[in-house]
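> This is the structure I want to talk about, given as structure tokens.
The values are calculated or read from the model by the stated rules, or taken from the named source; none is laboratory data. As the structure is a computational prediction, the values presented were derived from the model and not from experiment. Every residue, glycine as well, gets a Cβ built from its backbone with ideal geometry; the counts of neighbours run over all protein chains shown. Each accessible area value is taken on the protein alone, full model and side chains, heavy atoms only, with ligands, DNA and RNA left out. Shrake-Rupley method; radii C 1.70, N 1.55, O 1.52, S 1.80 Å.
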Amino acid sequence: MEIHVTINGKQHLWQEPPGEILLNVLRKHGFNSVKFGCGEGECGACSILLDGKSVRACLLVAGQVHGREIVTAEGLGTVDDPHPIQQAFVDSGAVQCGFCTPGMVLSTKALLDKEPEPDRARIKQALDGNLCRCTGYVKIIDAVEKAAERMKR
Amino acid sequence: MIPNAKVCLYPKDTQEAVRVLSQLGRRALLLAGGTSSSLSKDPSVDTLVDITRFGYDSIELKDGFWHIGCNVRMQQLAEHQGIASLANSMLCDAAASVGSTPIRNAVTVGGNLVQLNRWSDPPGAFLALDSQVVLLGLEGKRTLSIDEFLSGSRNKVLKPGQLLIEVKVPAVDGRIGAFEKFARTATDFSIVDCAASLDLVGSKIRSCRLVVTGARSRPFRVAEAEAHLLGKRLSMANISKAAQLAREHTRAIPDTRTSVEYRTRMVEVVMSSVLHKCMTLSREGR
Ligand SMILES: Cc1cc2nc3c(=O)[nH]c(=O)nc-3n(C[C@H](O)[C@H](O)[C@H](O)COP(=O)(O)OP(=O)(O)OC[C@H]3O[C@@H](n4cnc5c(N)ncnc54)[C@H](O)[C@@H]3O)c2cc1C
Ligand code: FES
Ligand code: FES
């Protein structure tokens, strides 16, 4: 089936079975920041922004995103020109293996787009769907605070 | 992954959706939030029907009811100011207790009520608030009480091809309410939820609905505990007795999380906690 979808501001036309899991399709088309962790909505490694909201790419099928807008971590910044959120994660030591990081960064983006000055309690709530198995959460929350501060300026 | 799906349809209105679903029968799979339906492996499905494009994604106050469209997402319900004004925001609390933020951004009110897992949180709050459910099929609309929707056999209440299009919650002022979810972690499935809504005249209880969720496969009202409270005040002694009756009249089921004994015991603990919250709220004059 023909699926029209905007990813990171660019229009794409996919020829894909509409029942294929979106996570697999995104990875097949090179969006490798979207990770496979659990495949059942528990871990957040597959986070994307769909029309601005953080959701699970492992719990959507390709047909559901026809005509809609997706943002992945690739759309935020590059290695040479990182987004302030990405830079704040680096500067805070909030990345160890990095598997959870694209999801963490996207959940942070969704939060800060809506609430530019969240307190720590609110940050924890907004990241409640993203598990990290190595860094722990303190540095990640620090990174969100730092990003919020820098983006205000 | 739905292995044999060839196309996905996006009906523009509810009539078109009902027509397509009725025509295709088992060849069609209805997708709402997708959090359960996307994991279907049904080989007989060749057509997906995404119902999230036909509207029914807002919450409106009309004719004394809050009309909540089937495509309203849980996060939207949890944050809605009008719904927060209802029975001390117990329905917002129930919606906010569903999984994690990204899950709530996807799960719809309709999908959650139709899927109805043992641990689904919002249906119990809808039951405590005396809601109604509106179904639409080829033969037209049908409104039924949430009690009937939750107690009937699934295939009889919601026939194949039928849609749940909205939930209506009476916009009654002055009801006191509380919802509490008891789970292992902030985002885990519930072990037991309790929900209570009370109508007081002075300090006496004129009517009440006490609901237990998670202990059995469906949420249910505890008639014996409700009867005990009628005409009485919300005192410590009355609360203890009502919570004890809730435990005694719950035949809990076990699962991998907890035993029957533990879950049964927690019914009393959580019901007592919810009623204490109601007592505090009533003393604060709200
Ligand atoms: C990791 C995770 C954690 C979760 N935690 C919780 C939790 O704590 N509490 C909780 O309550 N829920 C929780 N859920 C959600 C729950 O398990 C269901 O997945 C969800 O309620 C389904 O809603 P949906 O909108 O995604 O529907 P879908 O998955 O799209 O559909 C579910 C079913 O309902 C049918 N359907 C959908 N909408 C309609 C309609 N309007 N009319 C007729 N039929 C319809 C579909 O055909 C399908 O059979 C969790 C889910 C996941 C994945
Ligand atoms: S892979 Fe999607 S939440 Fe874990
Ligand atoms: S950095 Fe390894 S999982 Fe978070």
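> Per DSSP H run of at least 4 residues, take -39500 (n - 2.57); add these up for chain B, divide by its residues and hand me the 222 nm value, nearest 500 deg cm²/dmol.
About -9500 deg cm²/dmol.
> Provide Rg and Dmax in Å for chain A, with only Cα atoms included in the calculation.
Radius of gyration, then largest Cα-Cα span, for chain A: 15.1, 45 Å.
> Give the average, rounded to an integer, of partner chain Cβ atoms located within 10 angstrom of each Cβ in A:30-43.
What the average comes to for A:30-43 is 1.
> Between rounded, prolate and oblate, where does the range B:139-220 land on the alpha carbon gyration tensor, with a ≥ b ≥ c its root eigenvalues, rounded for a/c under 1.5, else prolate if a/b exceeds b/c?
Verdict is oblate for the range B:139-220.
> Provide the net charge surrounding A:ALA94, with neighbours chosen by a C-beta distance below 15 Å and charges set as Lys +1, Arg +1, Asp -1, Glu -1. Could the numbers behind the result be given before it?
Numbers: positive: A:LYS109, A:ARG120, A:LYS124, A:ARG133, A:LYS139, A:LYS146, A:ARG150; negative: A:ASP91, A:ASP142, A:GLU145, A:GLU149.
Charge balance in the 15 Å sphere: +3.
> Here is a follow-up. Which value, in debye to the nearest 20, describes the size of the charge dipole of the range A:84-152 about its Cα centre when Lys and Arg Cβ atoms bear +1, Asp and Glu Cβ atoms bear -1, and nothing else is charged?
120
> Sorted from largest to smallest, which semi-axis lengths in Å does the alpha carbon gyration tensor of the protein assembly as shown give for its equivalent ellipsoid, taking the root of 5 times each eigenvalue? Please report the intermediate quantities before stating the final value.
On the way: eigenvalues 288, 160, 72 Å².
So the equivalent ellipsoid measures 38, 28, 19 Å along its semi-axes.
> A follow-up question, please. Within the set of other residues whose C-beta is less than 10 Å from the C-beta of B:VAL274, count the net charge using Lys and Arg as +1 and Asp and Glu as -1.
Net charge in that neighbourhood comes out at -1.
> If you don't mind, there's one more thing I want to ask. Once neighbouring chains are kept in place and the probe is 1.4 Å, which whole percent of the accessible area of the range A:2-75 is contributed by carbon and sulfur?
46
> May I pose another question? Quick one: Cα centre-to-centre distance for the range B:82-151 and the range B:256-280, in angstrom?
The range B:82-151 and the range B:256-280 have Cα centres spaced 21 Å from each other.
> Moving on to the next point. If you count, for each residue, the other Cβ atoms within 10 Å and average over each peptide, how do B:99-107, B:129-137 line up from highest to lowest?
B:99-107, B:129-137
> Expressed in nm to one decimal, what extension gain is obtained for the pair B:VAL172 and B:SER203 from 0.36 nm per residue of sequence separation less their Cα-Cα distance?
On the way: separation 31, 0.36 × 31 = 11.16 nm, distance 1.79 nm.
Once the chain is fully extended between B:VAL172 and B:SER203, it gains 9.4 nm.
> Let me ask something additional. For B:ALA215, what charge total do you get from the other residues with a beta carbon under 14 Å from its beta carbon, if Lys and Arg give +1 and Asp and Glu give -1?
Its environment carries a net charge of +3.
> Still on this structure: Of the options A:GLY75, A:GLN15, A:VAL61, report the single residue whose Cα projects farthest towards the positive end of the charge dipole of the range A:2-75 (beta-carbon charges: Lys, Arg +1; Asp, Glu -1).
A:GLY75
> Inside 10 Å of the C-beta atoms of B:34-40, what's the mean count of C-beta atoms belonging to other chains?
On the way: counts 9, 7, 2, 4, 13, 7, 2.
Going residue by residue through B:34-40 and averaging, the value is 6.
> Further, regarding this structure: Expressed as a whole number of Å, what is the distance separating the alpha-carbon centroids of the range A:50-113 and the range B:11-29?
So the two Cα centres are separated by 35 Å.
> Under a point-charge model restricted to the Cβ atoms of Lys and Arg (+1) and Asp and Glu (-1), what is the dipole moment magnitude of the protein assembly as shown relative to its Cα centre, in debye to the nearest 20?
On the way: 55 positive and 47 negative charges, 198 e Å.
Result for the protein assembly as shown is approximately 960 debye, rounded to the nearest 20.
> At 1.4 Å probe size, with every protein chain present, just tell me what the per residue accessible area of the protein assembly as shown comes to in Å².
I get 43 Å² per residue for this part.
> Where in the range B:235-286 are there GluC sites (Glu not before Pro) that are in a DSSP coil and have at most 11 other Cβ atoms within 10 angstrom of their Cβ?
The qualifying sites are B:GLU284.
> Considering the dipole of the range A:84-152 built from charges on the beta carbon (Lys and Arg +1, Asp and Glu -1) around the Cα centre, which of A:ALA88, A:THR135, A:LEU111 is farthest to its positive end?
Of the candidates, A:THR135 comes out farthest on the positive side.
> Another question, if that's okay. Order the peptides A:34-44, B:60-70 from the highest to the lowest mean number of other Cβ atoms within 10 Å of their residues.
A:34-44, B:60-70
> Here's another thing I want to ask about it. For chain B, modelled as a GNM with alpha-carbon contacts under 10 angstrom, which of B:LEU164, B:LEU24, B:LEU275 fluctuates the most?
Among B:LEU164, B:LEU24, B:LEU275, the largest GNM mean-square fluctuation belongs to B:LEU24.
> Count, for each residue of A:47-55, the Cβ atoms from other chains sitting within 10 Å of its Cβ, then give me the mean as a whole number.
For peptide A:47-55, the averaged partner shielding equals 4.
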